[in-house]
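The values are calculated or read from the model by the stated rules, or taken from the named source; none is laboratory data. Keep in mind the model is a prediction, meaning the values are calculated, not measured. FYI the Cβ positions are ideal-geometry reconstructions off the backbone, even for glycines, and counts take in every protein chain you see. In case anyone asks, the SASA skips ligands and DNA or RNA and just uses the protein heavy atoms, side chains included. Shrake-Rupley method; radii C 1.70, N 1.55, O 1.52, S 1.80 Å.
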Amino acid sequence: KKSGKKVGSSDTDNASWKKEKSGKKKKSKREEKRNTDIKKRRRFLKEHLEIKNNFVAHRIRNATDATRDAAEARAKRLFVDLEKDLHPKGKETDSDPWFVLHIGPPKTATTTIQCGLEKNSLRLAKTDGYHFMGGGCGFERSEYIMPNGESTVLRSPLISDLNKPFFSREESTQFVIRAKKLLLHGRSVVLSSELFGSRLRSSGFVMKNMRNMLVDSAKGVGFNPKKIRIVLAYRHFVDWLPSFYYQNHLFRTKDQLWIGADPEMIRVPRFVDYADNYLSQWEKYQQMVTNGTKGRSRGLREAETASKDEEGDDDDAYDNEVVGDDVDGDDGGLLSLVKDRQSIHPSWWLYQLWSHYFPLPNQVQVYDMHSPMNMNRPEDDIVTNFVCNMLPTADQTCSRLMLLEDRKGKQRQNDQKYAQNGTKAHGRKFENIIHSDEGPEYDHPKLHAKASFMYHNRTEIKVGDASENAGEMAIRPSSDHHAVILIEKMLIEGDIQPFDYSKYDANFFAAHTGNFTSVAYTNELGSIHKGARKKSLIENAKRLLQEHDVRAPNENFFDCMSGDLERRFLHASETFMDLIYKHTELLTHAAEASSVTPSPESAGTNTIDAEKKLKAERFAQARAEHARLFEKNKAKGKYCDINLEKIKKNIPSLYKELASFSYKPKYTKFLHDLLPESMLSHFEALHQDQE
């Protein structure tokens, strides 16, 4: 048995027996592989049929008996059937599908682009072979079917998977399975989420997980590295910082964030102080770079420069080992990556980080959100700009969007013409002719699910009410942070007192039994309603500020940036602009998008000169836009903070009205053990159960 010989047989028989046994093993492996492939195929067909049935069921959910058959036929016609539909680009064996990942960063019109991609998702799939897998145009953690038949990828769980030390996790596995199927059918993939730019850790193993998920054909999807594009946006720092500040601090209107914690620790900082601290961190980092101590203290690390050899081997380009925990290559002597991403412009930070792990030429691209890449089309919106310049080979959708932009331009001209003449415009409005073209209605609003912001019956509400009104669209609040700071200051200093429940106990209500309609009882309850939750206090403050016409940058009510802080702010913003425009390919891509194909006789030196001219024009345009934005934001008071003492002095009536309110949080929102002492007594006075 140990020798492997068959007992009672000659050597010749043993040799033939071993050969026969070996042949059976090989045959068994082939059969096993074949059976596995058959099972995979059946599983794919089953999942594909399920997706199709869900898509059709979703499209006919509101159809009547009379229209059901027509609606079902239309839904089946619109469904992107990977098995039956021919690839819109044909069978191009020499062209691998693309994978485009849009990573933000935050506050760079990410949601606008995501909703534009979802709106055009069916057209992208049907005419260009691009499958948008979702991102940001629906309620958070809501999985729903988009017009292209794809189920939205839950970006937050996917980021959590990638941040873990092990590659194989549920959400990333689901993404890999679906993306791989699209890849096998020659379909390109688009994924968008600013979480890749804000919550994905920058450590070596996390970024390698991300890269392997895309390029590893065994454990990941297996995209061709040359056909992977990482896209990020750029917004001038003077415009980005106040917007980022508002998003991070204006949502602190819930009682849960305020009760049971030290108010001084969670209060919204003044923007002037926030900007000063941000700039101090940046200047400190710059000083370390100048002194040659970058990356050697206070969390700053230095990495080896990433190889960017355009002629190098693809596999070698991904073999750069990372030094340290949070690192990046310094791209030819530029600044190395600072560990704290909130002390630098996020676009520059992300460009350095992702270029290190995706170092092939043009693999990481930057687009300017302030103006289209094509300077010959200054009126194109940001969605058209993104599709036409960041999605390679999406020619049909790009042409359609540019056609719609041209129509909108003509509509605006007609409206202006009739407005000047004092007459009313005749004919169909632009909104009525968008969907009137012959052919499939790829961008019809009724194709969108209820969980999507693009749902046709959507009404606008503010963030915070979205969970209570799931059928409505959530929009971000305005950038007015003054009411938030005013209320928090008054709460901390005791100008607005906590509501006193002590006399409204069971004895009070027992004494009024049978008198619920009496005037005295009504008046007493009216005083109870004078109390308000923090959110209501802030809304009242906004209303009163508007009624008294309290607007920044009026020095009677506001404290604004000093001259020195303005100078530092502008200097930092101009530095970031130079880094983005001069040390990325943004200007080159803008020149290519704006250039006209030269004639053969004018090619050569003239082409180079024309490109240099276009680059110079684009950079001059960026500097002018930068200066305009700074002055505009300054005039609107975006760099100012409200001063409570000035309000007391100059508008005492406004202060008195706010101080007449009392803070009455909703106790059912809190855990009993987290309530402070004063509120525990109120809790007991109301005879609430501890649970």
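Miscellaneous remarks
- Pairs from K107/K649; K613/K636; K489/K664 whose Cα-Cα separation, in the structure shown, is over 27 Å: K107/K649; K613/K636
- Carbon plus sulfur fraction of accessible area for region 350-399, probe 1.4 Å, in percent: 43
- Once the Cα-Cα distance is subtracted from the 0.36 nm per residue extended length, the M402 to K648 segment shows a gain of 83.2 nm.
- At R0 = 45 Å, FRET efficiency that the Cβ-Cβ distance of N163 and E677 yields, to 0.05: 0.70
- The calculated FRET efficiency for A57 paired with E547, based on their beta-carbon distance and R0 = 45 Å, is about 0.30.
- When the pairs K126/K446; K408/K612; K76/K410; K126/K180; K119/K410; K76/K119 are compared against a 29 Å limit on Cα-Cα distance, K408/K612; K76/K410 fall above it.
- Förster radius 35 Å - calculated FRET efficiency between N291 and L565, Cβ distance, rounded to 0.05: 0.90
- Net length available on complete extension from R68 to A419 is 121.9 nm, with 0.36 nm assigned per residue and the Cα-Cα distance removed.
- Translational D in µm²/s for region 69-212 (Stokes-Einstein at 25 °C, 0.890 mPa s, Kirkwood Rh from C-alpha pairs): 152
- Remark: accessible surface ordering of L658, L570 (largest first) is L570, L658, probe radius 1.4 Å.
- Segments 99-110, 141-152 sorted - mean Cβ within 10 Å per residue, highest first: 99-110, 141-152
- The largest accessible area among E488, E539 belongs to the first residue in E539, E488, and the rest follow in falling order (1.4 Å probe, all chains).
- Remark: region 120-237 carries 31 Å² of accessible area per residue (probe radius 1.4 Å; ligands, DNA and RNA excluded).
- Whole-percent carbon and sulfur share, accessible surface of region 132-240, 1.4 Å: 50
- Extension reserve of the S662-M375 stretch, reckoned as 0.36 nm per residue once the Cα distance is removed: 97.8 nm
- Take each peptide in 238-248, 620-630, count the other Cβ atoms within 10 Å of every residue, and average; sorted highest first, the result is 238-248, 620-630.
- Backbone N under 17 Å from the H249 label point (7 Å along Cα→Cβ), restricted to region 607-645: 634, 637-645
- Distance between the modelled labels on S142 and H87, one decimal in nanometres: 3.5 nm (7 Å Cα→Cβ projection).
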